[in-house]
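All remarks here apply to the structure that follows.
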There are 4 protein chains.
Amino acid sequence: MDGENEESGIAMTTPSGSMTIDDLVDANHILYAQRVVDGYGHVSARHDVNPGRFWLSRSLAPALVTADDIMEFDLDGNAVEGLGRRPYVERFIHSEIYRRRPDVQAVVHSHSPAVIPFGVTRVPMRPIFHMAAFLGGNVPVFEIRDIAGATDMLISSASLGAAFALFLNDKPVALMRGHGSVAVGNSIPQAVFRAVYLEVNARLQAEAMRIGAVNFLTPGEALLAAAANDQHVSRPWELWKRELGKKTKLD
Amino acid sequence: MDGENEESGIAMTTPSGSMTIDDLVDANHILYAQRVVDGYGHVSARHDVNPGRFWLSRSLAPALVTADDIMEFDLDGNAVEGLGRRPYVERFIHSEIYRRRPDVQAVVHSHSPAVIPFGVTRVPMRPIFHMAAFLGGNVPVFEIRDIAGATDMLISSASLGAAFALFLNDKPVALMRGHGSVAVGNSIPQAVFRAVYLEVNARLQAEAMRIGAVNFLTPGEALLAAAANDQHVSRPWELWKRELGKKTKLD
Amino acid sequence: MDGENEESGIAMTTPSGSMTIDDLVDANHILYAQRVVDGYGHVSARHDVNPGRFWLSRSLAPALVTADDIMEFDLDGNAVEGLGRRPYVERFIHSEIYRRRPDVQAVVHSHSPAVIPFGVTRVPMRPIFHMAAFLGGNVPVFEIRDIAGATDMLISSASLGAAFALFLNDKPVALMRGHGSVAVGNSIPQAVFRAVYLEVNARLQAEAMRIGAVNFLTPGEALLAAAANDQHVSRPWELWKRELGKKTKLD
Amino acid sequence: MDGENEESGIAMTTPSGSMTIDDLVDANHILYAQRVVDGYGHVSARHDVNPGRFWLSRSLAPALVTADDIMEFDLDGNAVEGLGRRPYVERFIHSEIYRRRPDVQAVVHSHSPAVIPFGVTRVPMRPIFHMAAFLGGNVPVFEIRDIAGATDMLISSASLGAAFALFLNDKPVALMRGHGSVAVGNSIPQAVFRAVYLEVNARLQAEAMRIGAVNFLTPGEALLAAAANDQHVSRPWELWKRELGKKTKLD
């Protein structure tokens, strides 16, 4: 399905300041530096002027993304002035979430390693420490087999994207069986924060369960701690941005 | 509660040589390089002239801390000449330990990953090898729920700080359920050493328990080995400082 | 057996463009950067003009391989114009696979760490997520003891190589008990992709099995996902090549 | 006990070419780069002209060792022309092994992390793949408690060193309960190779035992594979040396 919209040219791109695009490029590099994405995975941001559009790189490893690779899409997943660039097959994860969730400004899709096992077993992921309090309670797992039978596991159409967005509902995170996960946020730094600490929580929960029965955050603690953390999302974001200049940026 | 003391200006800062502050800046960077802290966590040092004061960075990722970010606090956690800088919400961990423990010259608070599981299960951490002999016997776990019911998990007030310091008592280390841990020392290098090897011990103990029943250091061995190690705290400290110049310093 | 063909000079090397050799040198460095090989392991490519020949480095750590170290071999594992360079003892893994498998253009042999445990236990490796869909179903394990009794574990002769190639049959991957694994591909990037994600799958499967019963990809899902992935093999390859220039290349 | 021989000046140092000392400095840096040692641990080499002497750094983190830090010791562990430099407390590990084992030319002592758990449980380490074939069969574990009761765990005297050397007997490796391990070799590269792959084997064996019953190398396979590997010890050594110039050397 790749490239089907390459020349659609359905509309003009919406003029906008470049700050969000710069942050989106940084988010691509940060997610790679934090090992949330490898050669695969992607992160998008809703257009900062036109909420019916979003930005997402052309099909490319996140670490290599530059501002020139960022494409504008509408909420059907169609490229706006695509200029012949090949989009990600799974852009419908993003388009359908932006359609259903006006609160969401950024979406991360990854195959981060510690999360995969929780997608293929029946043990729910839950917040083991305050940094992952945003998880709230059990993290839902999307089973594409229930929706579409045997597939290539990818969210490669608007209808699969809509099914996933419906399943995600109002949650910050959902896992995808045999595939990966999605984290959303009300800003690029929040979505990145959630993708990073989702992975950390998976690692720590798996480790803790091997030691003994786990005393998770209660729903009340999770609610309070998530609110407190939201005041400090910029702290790691500033660190991660500073590190890009030192060792992660490949372009 | 962040920033409540920003303009308090309760007193003048105490003049002092800068060596301790330089070491404190290094400790911030070392703890990041050793993966004891990430974007969060903090390390303080008691003022080297005025024991009723201590130094701690403004609210910032440890890897980014410079001498200009170090603030002076009194033992109530009030900033001295804060100059409008935002302090860490959890500075009361530090202030209340310095109040109760005249032997303590430095305090590390972190969420180092291998330690978290031992805070949420009922298996006590114990010294598995001589490098962690300072742990002595079972490491205590602070349960904030017992003190304050449902919270955001943070030590965000003097009263919570006092409860934690009381719980820590005369120990070198205490874990915090669903949150992290605190390590103290009679010098910055000793506190950093303890924070690093607390994490190493957690990793090795978890691994060993999966292999079989563990033959831990006896209390007698722990006492003797801790004393021996205290003669050699400067060895890794010198290494860690040398490495900062090569690859860790971000400023 | 090393060096037995050093001066054989059985024939002239076949002229060819250097692109495949450049890619093969990159593959050596990439496999090291991805921790699939350490000081040991090797990767070869079939000659791009003469299908009865293949390229493989002289006996050297992969990270140190340059174009000058690449030797040409025939399908008996004899060096062509060897110039006195010492070949790998295990070049017969490569020669015998190229002989039996006209579809194979590249072969990776490694001791990548997460794979070793699946070679010495009776739990079969299976695809846990779409990135490893190429595994299909159970990954076969070659037992050299059944073929040759007590050995030094190495595929150090044409007959052992032929036995291994026969065992591999039409599969993309086979493990070797107490030794390592082999991944093949229809291109250098595909063979490298498979070697990398074989290791990732081993790590994730081991982790998932400790959490609970694993819901693997079905054969149908694996078939569809493998075909989809084959469209995107160049994405990580481009990333890995870009990284070489930044931090991995040692020559 | 540190420094007791500082000014002993019992004899003149023996003139010698510097090649062994250069290799010993490299070995210090390589063991750090390979995470076999951290701030602690040490590696020595027998004097290349006078077999009654050996070289070992003054008390220093291995990564910081330079040729000027290398001291000459006799087989009682006394410094020869010590020049006031402080020796390692545990130099008697080295002196007593060199005394009993004329075949040994180099000794590594480390606390490498994956090995520690096998020293404190009753599950013997055994070779899981050919790279660790030098282990032969079960790796012995030295229990200092049986020799000396409650201690600081250190081999801090000639008599403890002699007890350890007696226990090591003709083996290439022995673990020390609650402390670490020792690997010896007939050359610096071989001792370093063994220290590195001892750690790798520990990691892989622990992982494999969690998956199922392990099919270890038989004694016959171990014997043959160890002999084969000894032909290729220089391959990783050359790699490790090349990497020092790129990223590990701190001096």
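Can you give the angle from 0 to 90° between the axis of helix B:234-243 and the longest principal axis of chain B, with both taken from C-alpha atoms, to the nearest 10?
Value to nearest ten degrees: 60.
Shielding by partners for A:121-132, please: the mean number of other protein chain Cβ atoms within 10 Å of each residue's Cβ.
5
Among A:I211, A:I30, A:I188, which one moves the most in a GNM of chain A with springs linking Cα atoms closer than 10 Å?
Highest fluctuation of the listed residues: A:I211.
For chain A, set up a Gaussian network in which alpha carbons nearer than 10 Å are linked by springs, and say which option among A:S44, A:S157, A:S57 fluctuates the most.
Evaluated over chain A, the most mobile residue of the options is A:S157.
With N set to the residue count of the range B:41-113, report its C-alpha Rg divided by 2.2 N^0.38 Å to two decimal places.
Computed over Cα atoms of the range B:41-113, the ratio equals 1.01.
Only residues of the range A:215-230 count here: report those whose backbone N is under 15 Å from the spot 7 Å along Cα→Cβ of A:V123, or say none.
Correct set: A:215-216.
State the percent of C-alpha pairs, over all pairs in the range A:77-149, separated by a distance greater than 17 angstrom.
Pairs farther apart than 17 Å: 65 percent.
For chain C, what does the convex hull of the Cα positions come to per residue, in cubic angstrom?
Dividing the Cα hull volume of chain C by its residue count gives 119 Å³.
Extent of the protein assembly as shown along each principal axis, from alpha carbon coordinates, in Å, largest to smallest?
So the three principal-axis extents are 89, 89, 43 Å.
Label A:D230 and A:A150 with points 7 Å out from Cα along Cα→Cβ: what is the distance between them in nm?
Going from the A:D230 label point to the A:A150 one covers 4.5 nm.
Under the √(5λ) rule applied to the eigenvalues of the Cα gyration tensor, what semi-axes describe the equivalent ellipsoid of the range D:1-140? Give them in Å, descending.
28, 16, 15
Can you pull the mean other chain C-beta count within 10 Å for peptide D:72-82?
Neighbouring Cβ atoms belonging to other protein chains average 0 per residue here.
Suppose you put the label 7 Å out from Cα in the Cβ direction; list, shortest first and in nm with one decimal, how far A:R86 is from each other copy's label.
4.3, 4.3, 6.1
Any idea what the A:R242 label distances to the other copies are, label 7 Å down the Cα→Cβ vector, nm, shortest first?
2.5, 2.5, 3.6
What is the Cα centroid distance between the range C:75-113 and the range D:144-160, reported in whole angstrom?
Their Cα centres are 52 Å away from one another.
Take the residue pairs B:K241/D:K241; B:K241/D:K171; C:K241/D:K241; A:K241/D:K241 and return only those whose Cα atoms are more than 27 Å apart.
Beyond 27 Å between Cα atoms: B:K241/D:K171; A:K241/D:K241.
Let me see the pair-distance distribution of the range D:56-205: every alpha carbon pair, 10 Å bin width, integer percents in order.
11, 41, 36, 11, 1
Please report the net charge: other residues with Cβ closer than 15 Å to the Cβ of C:E96, K and R +1, D and E -1.
+2
Return the chain A residue and its Cβ-to-axis distance, rounded to the nearest Å, for the rotation relating A to B.
Nearest to the symmetry axis by Cβ: A:R210, 5.
What does the net charge come to around A:L224 if you take all other residues with beta carbon closer than 13 Å to its beta carbon, with K and R at +1 and D and E at -1?
-2
Considering only DSSP states other than H, G, I, E and B, which chymotrypsin sites (Phe, Trp or Tyr not before Pro) in the range C:114-219 qualify as loop sites with at most 11 other Cβ atoms within 10 Å?
Counting only loop positions with at most 11 other Cβ atoms within 10 Å, none of the chymotrypsin sites (Phe, Trp or Tyr not before Pro) in the range C:114-219 qualifies.
From zero outward in steps of 5 Å, how is the percent of C-alpha pairs of the range B:187-251 spread across the bins?
3, 13, 17, 21, 18, 12, 9, 5, 1, 0
Place a +1 charge on the Cβ of each Lys and Arg in the range D:44-134 and a -1 charge on the Cβ of each Asp and Glu, then give the dipole magnitude about the Cα centre in debye, rounded to the nearest 20.
400 debye
Relative to the longest principal axis of the C-alpha atoms of chain D, give the angle of the C-alpha long axis of helix D:19-33, reported between 0 and 90° and rounded to the nearest 10°.
The answer is roughly 50 degrees.
First select every other residue whose beta carbon is under 9 angstrom from the beta carbon of C:I30; then total the charges, Lys and Arg +1, Asp and Glu -1.
-1
Between C:M19 and C:R242, with labels modelled 7 Å along Cα→Cβ, what's the label distance in nm to one decimal, could you check?
Between C:M19 and C:R242, the label points sit 2.1 nm apart.
For the range D:129-182, state what percent of all Cα-Cα pairs lands in each successive 5 Å bin, counting from 0 Å until the bin that includes the largest distance.
Histogramming the range D:129-182 at 5 Å steps yields 4, 18, 31, 22, 11, 8, 4, 1 percent.
Any idea what the D:E143 label distances to the other copies are, label 7 Å down the Cα→Cβ vector, nm, shortest first?
The projected label point of D:E143 is separated from its counterparts by 3.6, 3.6, 5.1 nm.
Values in this text are rule-based calculations from the coordinates and carry no lab data. Remember, predicted model here, so these are calculated numbers, not experimental data. All Cβ positions, even for glycine, are placed from backbone atoms using ideal geometry, and neighbour counts span all protein chains on display.
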